[in-house]
Amino acid sequence: MRFLFPYFLFALTAVAVPIIIHLFNFRRFKTVYFSNVEFLKNIKKESKRKSKLKQLLILIARILVVTCMVIAFAQPYIPVNEREKRDVNQVVAVYIDNSFSMNARGEQGQLIESARNKAIEIARTYKPGTKFIIITNDLQPIHNNLLNNEQFIREVTEIEPSPNVIPVSQIYNRLKELLNSMVEDADKNIYFLSDFQRTITDFEKIESDSTIWSYLLPFYPQASGNLYIDSCWFETPSRKINEEEELFIRIKNRSDQDYQDLPLRFFLNDSLKSLTSFSIAAQGEMIASLKFTNLKSGFQRGKVELTDYPVTYDNTWYLSYNVQPEVRVLAIYEGNDSGLNYIRALFTDDDYAKLDIMNSQSLQVSRLGDYNTIILLNLRELTSGFTSELEEAVANGASLIVFPEMDANVESYNRFFSGFGANIITGIDTMKQALAGIALDNPVYRGIFREMEENTRFPDVKGHYIFTGLTRIPETRLLWFSNDDKALGSVAHGDGFLHTFSFPLNNLNEAFARDIIFVPTIYSLVLNSIPRQDISYTIGRDNFVLVRQNRNIANSPQLLVKGANNNTEFIPDVQISDKNKLRIGLENRISESGFYNIRAGENTVAVIAFNYNRNESDMRYFETGELKDAVSGFRNISVIEDTEKQFSEIFDEIQNGKQLWKLFIILALVFVATEAAIIRFWK
């Protein structure tokens, strides 16, 4: 406890007055003559003791009256913080949390409305001439300016709910930089008006500034739970036509209620494609799956839905992807290669996988980027220029399948493998060996072979290269020999893959080419060469997307982003990411979940799906006591416990601490009444 006017405490010497009066009252006496006092001795002794007790209680009451009055005039208070110096000039920054969680209702109505009203109270409480900064989760340009009272109130009234979710530490650090860059000799204050959800309240990341005083004003919603879709994904990276897809959905239950047999729906291009039900325990999570088939090519727009109230913005998850009408395959050979016949036979009359064949002597390397899969058939040497073009094509998403010739230039092949970060050739095994193992759990073979019997007969291979098996190289073995040598390995490179066989594809290995393993292996490698796709993005977190260049983009003067279900439309910032990709900057201009078309003239070159951030779907908050514990390590950050009070009262406590003079006035009156009661009723 501290005193606003501590010099008044010298008046405590006034307690000597009732003490002196008390002492003189005991010295005064009156003689009463009585004929016989023998019978009054006992009464006299008892009355004297009671009189002394009565006078002592009166003395204590009078001392306490004087003491309480003196302390009341000294203006006692309990400081809210350790702040002492206050400058004449004041700058006030107010953060209003306008995320979706603030749409919840509290005891005084909608939280965001209560926060707006409190911000206006703050502006009207401070003296004229005070400068203000307003900031929300939208981080708009106006947030970088100093405002007067009227401008501040006008901006506050225009605040609307936003899908953006910004951690408290990021808001604090941004305001700290603004305040220190805009003003120097001023009293700097920050008010945080938020529900302080656990997912966004990260005080441990705050770097506190001793010149800035911060105050937390929590607004709590009425208790409610939330059931929501947290994320969706495919296990395989590419989508194919006429093949069954399995979509996985993670669902979280942030309530104290169990749910049984709730419906989960999947819409594809506005048609109900799949329906299932799920059950989930209180405060639990689960993964559901939905199966469907892509019946047509082109851009697909999907939507997963569940039903839950009162929080509804996270009941839907949007996703989009492109099903290519065909996969383009290029086989590169030299001379009169016998392996070409097996590749040609595999893709003949295939309407989906389109095969082109080029001789290595007449190859147009500039066209390599046009193909999804490139097959090198028994080439004897790989030049450095050819290798560089192949590396770029694979990095941009193509798959490269290599069958090395047995009498090839091993040094050129090793330079080639080193460029991809793959294992290199160390020797040759000329013995005939049978394949002995297959990676059934790999996506290449998943769904093709359910299981292999112990006595399964694998084909023989006549000679193969021996490769290093370095653990630092993340190579996946798909096929291997009985001596555990690699027969087929896969290494990721950029957005694509290098698939390396350790033997050539020719007449000597006809057993392999005619075996049941050959067709699904090559065909699956080709189908998995479809470029990886991001099926969804998050508003406020993903500010750009990558789009592959094509003729439509090249022939268009500019790109346009247009909302499929809303009026959003803008010209994005376009930068070249690499040879075949464009970086489309979205600049935080997408604020509604749904589908957005990226158009080049009249052609749609991409469809992207955006979802609201799920960080605020977890409806758990820091209580007042927890907030105080969280900021206990900061001497200049305080928690305002009763935000329902008028801000003028809160401001008075902030400026002058919690005033106690009224309490001492009341105590003084209580002791006066106590004294009067003793005098009147103690006979």
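Structure notes:
- Residue in the stretch 478-488 that is crowded, with 21+ Cβ neighbours inside 10 Å, at pLDDT below 90 and under 23 Å from I343 (Cα atoms) present: no
- Look at (1) of a type outside the set (D, E, K, R); (2) without any contact (Cβ under 8 Å) to a residue 24 or more places away in the chain; (3) not in a loop (DSSP other than H, G, I, E, B) and you find that L440 fails only one, number (3).
- Scan of the stretch 532-558 for residues that are over 30 Å from Q170 (Cα atoms) and either among the polar types (S, T, N, Q) or not assigned by TED's automatic domain parsing to the domain that holds I584 (or both), ordered by number: R532, Q533, Q549, N550, N552, N555, S556, Q558
- Of the residues screened, S529 is not one that is surrounded by 15 or more Cβ atoms within 10 Å (Cβ to Cβ), under 30 Å from R614 (Cβ atoms), under 35 Å from the mean Cα position of the chain (by Cα) and not hydrophobic (A, V, I, L, M, F, W, C).
- Scoring T199 on the criteria (1) in contact with a Leu (Cβ under 9 Å, 6 or more places away or on another chain); (2) modelled with pLDDT under 95; (3) surrounded by 14 or more Cβ atoms within 10 Å (Cβ to Cβ) leaves a single failure, condition (1).
- Leading residue by the ranking (farthest from G496 (Cα to Cα)) among those in the stretch 556-593 that are charged (D, E, K, R) and more than 22 Å from the chain's Cα centre (by Cα): E569
- So Y313, is it part of a helix (DSSP H, G or I) and out of contact with any Lys or Arg (no Cβ under 7 Å at 6 or more places or on another chain): no
- Yes/no for E244 being under 21 Å from I133 (Cα atoms) and either surrounded by fewer than 21 Cβ atoms within 10 Å (Cβ to Cβ) or among the acidic types (D, E) (or both): no
- For the stretch 465-485, the set of residues classified as among the β-branched types (V, I, T) and either touching an Asp or Glu at 6+ places or on another chain (Cβ under 8 Å) or assigned to a loop (DSSP other than H, G, I, E, B) (or both) consists of I466, T468, T471, I473, listed by residue number.
- Scan of the stretch 330-354 for residues that are more than 22 Å from N509 (Cα to Cα) and either under 48 Å from the mean Cα position of the chain (by Cα) or of a type in the set (K, R) (or both), ordered by number: D350, D351, Y352, A353, K354
- When the criteria are applied in full, D270 meets the requirement of being loosely packed, with under 13 Cβ neighbours inside 10 Å, closer than 20 Å to F610 by Cα and either charged (D, E, K, R) or at pLDDT 95 or above (or both).
- Contact map, the stretch 50-75: first residue without any contact (Cβ under 8 Å) to a residue 24 or more places away in the chain and not assigned by TED's automatic domain parsing to the domain that holds A668, second residue of a type in the set (F, W, Y) and part of a helix (DSSP H, G or I), Cβ cut-off under 7 Å, separation 6 or more or different chains; the map is empty.
- Any hit, the stretch 141-163, residues being closer than 27 Å to S632 by Cα and among the hydroxyl-bearing types (S, T, Y): no
- Residues that are farther than 25 Å from Q533 by Cα, assigned to a helix (DSSP H, G or I) and among the hydroxyl-bearing types (S, T, Y) within the stretch 378-432 comprise S384, T387, S412, Y413, S418, listed in sequence order.
- Checking D370 against (1) in contact (Cβ under 8 Å) with a residue 60 or more places away in the chain; (2) among the charged types (D, E, K, R); (3) surrounded by fewer than 18 Cβ atoms within 10 Å (Cβ to Cβ), the condition it does not meet: (1)
The values are calculated or read from the model by the stated rules, or taken from the named source; none is laboratory data. These numbers were taken from a predicted model, which means no experiment stands behind them. Quick reminder, even Gly has a Cβ in these numbers, built from the backbone with ideal geometry, and neighbours come from all protein chains shown.
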